[in-house]
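Asker: What follows is a single structure, and I will ask about it in a moment.
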Amino acid sequence: MKTTIEPQQLEFIVCSYSNHSSKLQVVRIANVANWYFERVVFPKQHLMFNAPRTGHLEVHTSEIATAIQVDCIPCKQLRVTSA
C-alpha cells in the first residue's frame, strides 16, 4: 500500500543500513507516492541515506535469475540519532 504525500510534505530522516550477508542486496523504498529510492548494497557494505519518515526499506537478495524480498524495515527503525 502506497502512502500518498505531497513532496513538500515529506519529512526526511537520516537512516543507516548494513548488509551483513555474504550476498549482493538491492534495497529500495517504493511505498511513498512520487518518491523512489533504490541502491545496490554489496556484502559487508554500510549505507547511509535520507528517507521519508513513512518509508519502508525493502531488502532484496539476489539469487540466480531471481530476486527474493527478504525484509521490509520501517525507516523509523533505521534512523540515525546523535548520542
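Asker: Using 0.36 nm per residue of separation minus the Cα-Cα distance, give me the extension gain between Asn50 and Ser62 in nm, one decimal.
Answerer: So the chain would gain 1.9 nm between Asn50 and Ser62.
Asker: Now, a different point. How large is the Kirkwood hydrodynamic radius of the range 29-83, in angstrom, based on all distinct alpha carbon pairs? All intermediate terms of the calculation are to be shown ahead of the outcome.
Answerer: Working: mean 1/r = 0.0794 Å⁻¹.
One decimal place: 12.6 Å for the Kirkwood radius.
Asker: Using packing as a proxy for protection, rank 17-28, 51-62, 36-47 so that the peptide with the highest average count of other Cβ atoms within 10 Å comes first. List each step's numbers first, then the result.
Answerer: Working: 17-28: 15.2, 51-62: 19.0, 36-47: 13.1.
Sorting 17-28, 51-62, 36-47 by mean packing, highest first, produces 51-62, 17-28, 36-47.
Every number here is computed from the coordinates shown, using simple stated rules; none is lab data. All values derive from a computational prediction rather than experimental measurement. Please note: Cβ atoms are built from the backbone with ideal geometry, for glycine as well, and neighbour counts cover all protein chains shown.
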